[in-house]
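Scroll down for the structure; my scribbles are underneath it.
What follows draws every value from the coordinates through simple rules; no lab data is involved. Since the model is a prediction, treat every value here as computed from it, not as a measurement. Glycine gets a Cβ as well: all are built from the backbone with ideal geometry, and neighbour counts include every protein chain shown.
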Amino acid sequence: MKKIDSNKEWKKWGEIDPLFGVASWKNREKNGSNPWTDRDFYQLGEKDWRDFLRHWEKYGVNKESCLEIGCGAGRITMQLASYFNSVHAIDVSDKMIEYAKNNISTSSVIFFISNGFDIPLHDQSVYSVFSTHVFQHFDSLQVAESYFAEISRVMKPSGTLMIHLPIYKWPSQHRIFKMIYAARNTISNVRAKYQRLLMQYGHRKPIMRQLMYPLEYFYEYMPKYNFKDIELSVFVTKSNNVPHPFLFARRNN
Ligand SMILES: C[S@@+](CC[C@H](N)C(=O)[O-])C[C@H]1O[C@@H](n2cnc3c(N)ncnc32)[C@H](O)[C@@H]1O
């Protein structure tokens with residue numbers, strides 16, 4: 001993989017409105033009627049983390065070290081910092097990371113600006129990997145695949161991952177559904193290209209793409225990347241009463 005087209009829009013969100021770029025709730029833009037305050041934003045992270053952690057602990061999580069992919073303005077990173085002994089947090093947006101750094105003072109977190117597909121860590125250097133509201137914005141499954149290969153490389157044996165991503169299930173295996181999905185992706189790619197062109201000339205707000213993952217995908221691919229005990233779990237976060245699908249997996253020994 002050479003470059004990620006979506007990095008540009010995420011850099012832009014970091015510049016114009018990092019908190020809304022992370023939590024795009026109605027009226028909570030910088031100029032909206034009820035803009036995010038730092039207090040509300042990080043409290044939202046605390047509340048969501050409580051829901052996430054309950055499920056991760058049930059599956060099994062090692063508190064020694066954690067990598068967070070797509071940390072944004074540090075909404076969840078702040079919580080990871082008080083749970084894990086050490087945290088590596090990566091994001092493609094320098095301004096998001098700057099915002100997070102200004103609000104998280106603990107020395108247990110190390111931030112990295114990343115290229116959107118590599119993980120700047122040594123082989124087998126972390127036990128746990130977490131990501132939320134990030135994999136849903138990738139341009140294609142290839143970006144996720146590149147990350148799964150990288151996660152497998154940097155994770156210690158028996159470490160676990162918890163990754164939020166939208167999942168769908170085909171109504172049947174009939175090829176018509178695959179054709180509909182492929183057509184939908186083609187239209188979405190053309191639209192994104194057009195919107196990015198407008199963005200380049202300053203005509204519109206940065207986009208946020210939405211990618212869905214076929215349920216079967218994880219059971220087919222994760223074992224190839226050296227993962228076992230694959231589980232999908234959907235639960236409601238209390239902050240907004242919305243069901244959140246998560247992937248859990250354990251690195252082989
Ligand atoms: C909606 S925000 C979520 C931030 C954070 N995970 C949270 O829930 O508070 C998405 C974040 O993912 C980052 N991001 C997008 N594509 C990425 C990629 N390929 N690799 C790493 N980070 C990425 C964006 O810059 C942005 O900060």
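Computed log10 I(q)/I(0) for region 100-253 at 0.09 Å⁻¹: -0.37, from the Debye equation with unit scatterers placed on every C-alpha and solvent omitted. Relative contact order for region 134-212: 53 percent, from Cα pairs under 8 Å spaced at least 6 residues apart, divided by residue count.
If you plug the beta carbon distance of D5 and S125 into 1/(1 + (r/R0)^6) with R0 = 30 Å, you get a FRET efficiency near 0.55.
Take the Cα coordinates of region 163-217, assign each an equal point scatterer, and use the Debye formula without solvent to give log10 I(q)/I(0) at q = 0.13, 0.14, 0.22 Å⁻¹. Log10 I(q)/I(0), no solvent term: -0.46, -0.52, -0.89.
Entry for region 94-178 at q = 0.22 Å⁻¹: log10 I(q)/I(0) = -1.27, Debye formula applied to identical alpha-carbon scatterers, no solvent contribution. Taking trypsin sites (Lys or Arg not before Pro) across region 131-238, the ones in a DSSP loop with at most 15 further Cβ atoms lying within 10 angstrom of their Cβ are K169, R204, K238. Translational diffusion coefficient of region 14-83 at 25 °C, 0.890 mPa s, Stokes-Einstein with Kirkwood Rh over Cα pairs, in µm²/s as a whole number. Translational D for this selection: 185 µm²/s. For K156, the lysines whose Cα comes closer than 26 Å to its Cα, not counting residues fewer than 8 places off in the same chain, are K58, K63, K224, K228. Rounded to the nearest 20 debye, the dipole magnitude of region 115-241 is 640 debye, with +1 charges on Lys and Arg beta carbons, -1 on Asp and Glu beta carbons, and the Cα centre as origin. Extension gain, E57-S105: 0.36 nm per intervening residue step, less the Cα-Cα distance, totals 14.7 nm. The GNM of the chain, with springs linking C-alpha atoms under 10 angstrom apart, assigns the highest mean-square fluctuation among V154, V242, V22 to V242. Considering only I97, I167, I180, give the residue with the highest GNM mean-square fluctuation for the chain, with springs between Cα atoms whenever their separation is below 10 Å. Highest fluctuation among the options: I180.
When you filter the GluC sites (Glu not before Pro) in region 25-65 for DSSP loop state and at most 15 other Cβ atoms inside 10 Å of their Cβ, you are left with E64. Projected over every direction and averaged, the convex hull enclosing the alpha-carbon atoms of region 98-143 yields 4.6 nm². If you take the square roots of the eigenvalues of the alpha-carbon gyration tensor of region 1-122 and sort them as a ≥ b ≥ c, do you get rounded (a/c under 1.5), prolate (a/b over b/c) or oblate? Here region 1-122 falls in the oblate category. Each label was represented as a point 7 Å from its Cα along the Cα-to-Cβ direction; for Q200 and I180 these points are 3.4 nm apart.
Who wins for biggest fluctuation among W170, W13, W25 in a Gaussian network model of the chain, springs between alpha carbons below 10 Å? Residue with maximal mean-square fluctuation among W170, W13, W25: W170.
Restricting the chymotrypsin sites (Phe, Trp or Tyr not before Pro) of region 195-253 to loop positions (DSSP other than H, G, I, E, B) with no more than 15 neighbouring Cβ atoms within 10 Å leaves Y201. In terms of other Cβ atoms within 10 Å, S125, S131, S86 run from fewest to most in the order S125, S86, S131.
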